[in-house]
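The values are calculated or read from the model by the stated rules, or taken from the named source; none is laboratory data. On a predicted model such as this, the values are computed, not experimentally measured, just so you know. Note that we place each Cβ from the backbone using ideal geometry, even for glycine, and neighbour counts take in every protein chain shown. Heavy atoms of the whole protein, side chains included, go into the accessibility calculation; ligands, DNA and RNA do not. Shrake-Rupley method; radii C 1.70, N 1.55, O 1.52, S 1.80 Å.
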Amino acid sequence: QVQMVESGGGLVQAGGFLRLSCAASGSNFAINLMGWYRQAPGKQRELVAAITSGGLTNYADSVKGRFTISRDNAKNAVYLQMNYLKPEDTAVYYCRGATARSVYWGQGTQVTVSS
């Protein structure tokens, strides 16, 4: 049973920063692609950032220059450093991992940015 466990969400003022962490366990296959998605109330879940096992990254335009995704392959962990947070970044953030066979999601962690 693969588990993706997130941590690091919380309440922060606009302009502040947070760091999200996600650790995957139980996979018998390499987790090639790891990423962060978010879902705000009344909106669809959207990609925030993704990173391959080789370190290639992709970001949503809305977070470029403010968020940085990184990973530790040895720990099957992915991180999201979020700087200069804005109220519109408020959402539940989900960690996602993809192997050649399956996709796995974390339970989500709430990020709230107050103005």
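What the table below lists for this structure:
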item	result
Environment charge of Asn83, counting only residues whose C-beta is closer than 13 Å and scoring Lys/Arg +1, Asp/Glu -1	+3
For Lys86, solvent-accessible area (1.4 Å; no DNA, RNA or ligand), Å²	80
Euclidean distance of C-alpha centroids, region 1-26 and region 38-100, integer Å	10
Translational D in µm²/s for the chain (Stokes-Einstein at 4 °C, 1.567 mPa s, Kirkwood Rh from C-alpha pairs)	92
Paramagnetic reach from Leu56 in region 9-34 [backbone N under 19 Å; point 7 Å along Cα→Cβ]	30-34
Neighbour net charge for Tyr104 - beta-carbon separation under 15 angstrom, K R +1, D E -1	+3
Rounded percent of accessible protein surface that carbon and sulfur make up, region 30-115, 1.4 Å probe	48
Solvent-accessible area per residue for the chain (1.4 angstrom probe, square angstrom)	54
